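K.L.:
The structure follows.
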Amino acid sequence: MRMRPTAQSAGQQLEGEQQAAELRAELDELLRASRYASQRERRLNEAIRATPGRQRPEGELLRQLAQARTLREGLGIRCRQLSDQLEALEMRLRHVQQEPRQQDPEQQDLGQQEPRHQEPLRPGPRRPEPRQQHGRAEPAPPPPPARPDIGALTERITTLHRSGARTEATELIDQAAARLAPADTALLVGMLARYGPTGASLRLARGTARSAPEHAVAVLAELRELGLAEEAAELFHAFWSYPAASVPGLLSALERAGQNADGATLLWEWGSAPTAELTSLAACLQQHDRPGDVRTLLRQAAGRPTADLAALSTELPPALATALLRELAALRPPVEIVRLAAALDSAGSRELYGQLLAALLADEARHRTTLAALRAAGLPTTPPAAPRSRWGRR
């Protein structure tokens, strides 16, 4: 007995709707499991943050946190795959519904029908199906990369170190610092701190400073989240060795991560850097349009010895030298301002001396004592007159 095309379409429709219902039920279960995994990850993070003082978190908590993160990410990937599969199936069902109920009588015989592009849906292993766009099938997305086994990696590093292959263990740590995601890096730091060789966790934390600033700052945040204060401090101290050209990018990354206090601390450290390096950083910050950081840096530099300040004033670009002298006039006591003015005067830096004097005269009432000290030292307290043109003496 031959089946009419309408009956075959109805069978496909019924079978497809049953499969769609099964997919929806499975997707609901996975979404509930994903929510539970997220809640468990949050509770484990809270338990780790509750570790008193500077004690390291328990290794079991770190293992459970790594498992919870892996489970949550795996469930999220599977949910997206099922959602894509369900969307493709529903599109096919709508296409079947829109087909005409009756066909030409000459094509009633199934043996003479042209093969359909739409094949019947059959239950089978559920895999992500390609999406249909503009009549063309897009390939399914590639599977996500496998998450690293942090426990196995910890054991591998420890075994190499104990067997005397310390160079190989160090290379493995350096590779992990360069390749692992921030969350995995922080977990490995915690596991090495608990079970690994002495100093391995600090080396891994320090090594991440060699990566891009965004990545290094993300690792810093993860280490603090896990309560790994010593390793976080090690990574932050490694930021001090960044060259001046890289500091603006690092400050931007810290700013985006909400770590503004870390940026201020870095600038405080740079305030005592050698004159050439400090000058280079000030110029870089000005180039990257970070006037707030420039002012913070110059305020920190204002506490340097008088001889350093005189040299720094002569090496800075003119605009930055003027800003520094203004900060000095506002922050330093009269006796030190007199020493600085004498150093500039003896070095023949008449322009810089004039700028320092202009900063003092801008608020003469406030700087009355400093101006009196300059006069007592035999230093001029009136700005040098600008040279007049011979055409102006007519």
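Where a number appears in this text, it was derived from the coordinates with a stated rule and is not lab data. Everything numeric here is computed off the predicted structure, so don't read it as measured data. Every residue, glycine as well, gets a Cβ built from its backbone with ideal geometry; the counts of neighbours run over all protein chains shown.
K.L.:
Restricting things to Cα coordinates, could you compute the convex hull volume per residue of the stretch 172-232 in Å³?
P.N.:
It is 63 Å³ per residue.
K.L.:
Still on this structure: From the phi of every residue in the stretch 156-163, what ³J(HN,Hα) in whole Hz does the Karplus formula 6.51 cos²θ - 1.76 cosθ + 1.60 yield, where θ is phi - 60° and glycine or proline is x?
P.N.:
5, 4, 5, 5, 4, 5, 5, 7
K.L.:
Let me know the charge dipole size of the stretch 273-355 about its Cα centre in debye, to the nearest 20, where only the beta-carbon of Lys, Arg (+1) and Asp, Glu (-1) is charged. Walk me through the numbers on the way to the answer.
P.N.:
Values: 8 positive and 9 negative charges, 42 e Å.
So the magnitude is around 200 debye.
K.L.:
At 0.36 nm per residue, minus the direct Cα-Cα distance, what do Ala365 and Ser246 gain on full extension? Give it in nm, one decimal, please.
P.N.:
That pair, Ala365 and Ser246, stretches by 38.6 nm at full extension.
K.L.:
How much length is gained if the chain between Ser163 and Ser346 is pulled fully straight, taking 0.36 nm per residue apart and subtracting their Cα-Cα distance, in nm to one decimal? Present the calculation step by step, with values, prior to reporting the outcome.
P.N.:
Values: separation 183, 0.36 × 183 = 65.88 nm, distance 6.58 nm.
Extra length available between Ser163 and Ser346 comes to 59.3 nm.
K.L.:
What distance in nm separates the simple spin-label points at Ile77 and Ala376, each placed 7 Å from Cα in the Cβ direction?
P.N.:
Computed distance between label sites Ile77 and Ala376 equals 7.6 nm.
K.L.:
Here is a follow-up. Could you size up the charge dipole of the stretch 172-235 around its Cα centre, putting +1 on the beta carbon of Lys and Arg and -1 on that of Asp and Glu, and report it in debye to the nearest 20?
P.N.:
For the stretch 172-235, the charge dipole is close to 160 debye.
K.L.:
Suppose each label sits 7 Å from its Cα in the direction of the beta carbon; what would the Glu155-His288 distance come out to in nanometres?
P.N.:
According to this spin-label approximation, the distance is 4.3 nm.
K.L.:
As I understand it, the dipole of the stretch 255-383 uses +1 on the Cβ of Lys and Arg and -1 on the Cβ of Asp and Glu, about the Cα centre. Which of Ser280, Leu328, Ala358 lies farthest toward its positive end?
P.N.:
Farthest along the dipole direction, towards plus: Ala358.
K.L.:
Tabulate in residue order the Karplus-calculated ³J(HN,Hα) for the stretch 337-354, using 6.51 cos²θ - 1.76 cosθ + 1.60 with θ = phi - 60°, rounded to whole Hz; enter x for Gly and Pro.
P.N.:
Rounded to whole hertz, the list is 5, 5, 4, 5, 4, 5, 5, 5, 5, 6, 7, x, 8, 5, 5, 5, 4, x.
K.L.:
Does anything in the stretch 290-309 have its amide N under 16 Å from the 7 Å Cα→Cβ label point of Ala257, and if so which residues?
P.N.:
none
K.L.:
Mind giving me the nanometre distance, one decimal, between the label points for Ala319 and Leu14, set 7 Å out from Cα along Cα→Cβ?
P.N.:
Between Ala319 and Leu14, the simple spin-label model gives 7.9 nm.
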